[in-house]
Amino acid sequence: MQDEHRRAIQNNFASLVEQTDLDHMVSTLYEKGVFSEQMIEPYKDLTKDARSRKRLLYRDITRRGPDAFRNLLDALSDAGYWDLVRDLDPNSSLHTRRTKISAPSTSMANENDYVSISTEKKKTKPRVDVNKNDSTPIAKDTTDLNMVPQYNVIKSSKFFEDGEDIKLYNTRGHKRGIIVVFSYIEFVNNIETYRKGVDVDCQKLKYLFSEMGFRVISYENLTRDETVTTLENLKKVIVGVECVFIVVSSHGYERKYSSDTDIRCKDGQLITIYEIIDYFNNKNFPALHGIPKVFIFQLCRGSNVEYIDGPIRFVSPDDPSPPAERDGNPMTDTGRFSQDTPRTPLNKRNRLFSDILIAHSTLPGNVSYRDPEEGSWYIQTLCEVFAARAHDCHVDKLFTLVDQHLHERFHIQTSSVDKWGFNKRLYLHPGLYQD
């Protein structure tokens, strides 16, 4: 390996260890011939934690010959780690990849503003499961770069300033934000239907937020215990960022006599929306006090289908897409976390929840639709709006535009937004940084 490539790995060593999925990287590098079957045995040693094994992997790869660096870049690209590829290789085409350059516009991007590339996948050797029986869940990135629609994410040309009455959250630094995606696609013993199209949602979100300067982490098909462990461990991962996005996609179920919603995990157990948000309150995650936290829930919240005439179909001028699917069925539980009565002096109290915006793909009691080929209606629309308008709109307005265009395109689904002490404006300023 060339010295400059070795230095690039060393300079980005912490990011490689923190952001990548060991299972994917070992399997892909094995498939590309960087490591032999015997050489990958240390990375499968479950007596050591995943972080230690990843550190060993990236130390070893610097000694694996002249083609190892190129194969590493290919493996990272295959998984959607485009920000890492750009950091490692200043000459990467990912620095300049665009579908079409256009001047900033006040109108929303349409289907012509991105290009879907071939979805044909390479034939590979069977994956090496290095995390089997490992109790510590790690980020799971299975993005195929060739399946990603390349939105033209318009970059900001100026910073917005505080208003007289409403201030702005600070988003001018290089650690702009982090997005953590939890997607639940298949479930044990087929207790729920396979959620076809969710992988497309994940790919779109990863591309969009990577282009906007966010660090992207995703987890797929976690059990309830793994989900809880991951939420607890995010305190070690989300450090020093200016804003946080949490996306959860699964089957959802209405909780009768409650505004909460149950979410299905891989093992069939349930976790609620409020349980997830609770991990990010000012008591449980004090480092994020004052930091904007945006939650996006792509799931059903009941069984109401709103008014339709005939079967639900994906709305497209070309038609022949399959019928849309739903993300859940009704449940009848009434649980809700509770808070003790405050006992501390009034002047020493502070709010438990603040700086939180919660975006739902549908209204309480209603279903949320997903196209098996194009992904969920809501995430499709969200990605298009954010790509076209995040450069000149704050997040509140972006979600208003999302609902407007969701109605214009699909007609029957209504999204909603709740704000818990989200009292400043959040501009994402994609591509713009203050020195």
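The values are calculated or read from the model by the stated rules, or taken from the named source; none is laboratory data. Quantities reported herein were computed from a predicted structural model and do not represent experimental measurements. We place every Cβ from the backbone using ideal geometry, glycine too, and count neighbours over all the protein chains shown. In case anyone asks, the SASA skips ligands and DNA or RNA and just uses the protein heavy atoms, side chains included. Shrake-Rupley method; radii C 1.70, N 1.55, O 1.52, S 1.80 Å.
Just the number: Rg to Rh for the stretch 3-92, Cα atoms, Kirkwood Rh, two decimals.
The Rg/Rh ratio comes out at 0.92.
Checking the table Lys236/Lys419; Lys206/Lys256; Lys204/Lys256 against a 28 Å threshold on Cα-Cα, which pairs fail?
Lys206/Lys256; Lys204/Lys256
Rounded to two decimals, what ratio of Rg to Rh does the stretch 197-296 give with C-alpha atoms and a Kirkwood Rh?
Using Cα coordinates only, the ratio equals 0.96.
Using alpha carbon coordinates only, what is the Rg to Rh ratio of the stretch 148-223, with Rh defined as the Kirkwood radius?
So for the stretch 148-223, dividing Rg by the Kirkwood Rh gives 1.13.
Can you flag which of Lys175/Lys266; Lys235/Lys424; Lys44/Lys293; Lys158/Lys293 are past 30 Å Cα-Cα?
Cα-Cα > 30 Å for Lys175/Lys266; Lys44/Lys293; rest within.
So for the stretch 139-274: antiparallel DSSP bridges make up what percent, rounded to the nearest 5?
That works out to approximately 30 percent antiparallel.
State in Å² the accessible area per residue of the stretch 3-92; use a 1.4 Å probe, count heavy atoms of protein chains only, and round to the nearest integer.
Here the residues of the stretch 3-92 average 44 Å² of exposed surface.
Using a 1.4 angstrom probe on heavy atoms only, work out the carbon and sulfur share of the accessible area of the stretch 3-92 in %.
Here it works out to 42 percent.
Can you give me the C-alpha center-to-center distance between the stretch 220-269 and the stretch 34-65, rounded to a whole angstrom?
Between the Cα centres of the stretch 220-269 and the stretch 34-65 lies a distance of 30 Å.
Could I have the simple spin-label model distance between Asn350 and Lys283, label points 7 Å from Cα toward Cβ, reported in nm to one decimal?
The two pseudo-label positions are separated by 1.4 nm.
State the percentage of accessible surface on the stretch 368-435 attributable to carbon and sulfur atoms; use a 1.4 Å probe and exclude ligands, DNA and RNA.
Heavy-atom surface of the stretch 368-435 belonging to carbon and sulfur, 1.4 Å probe: 41 percent.
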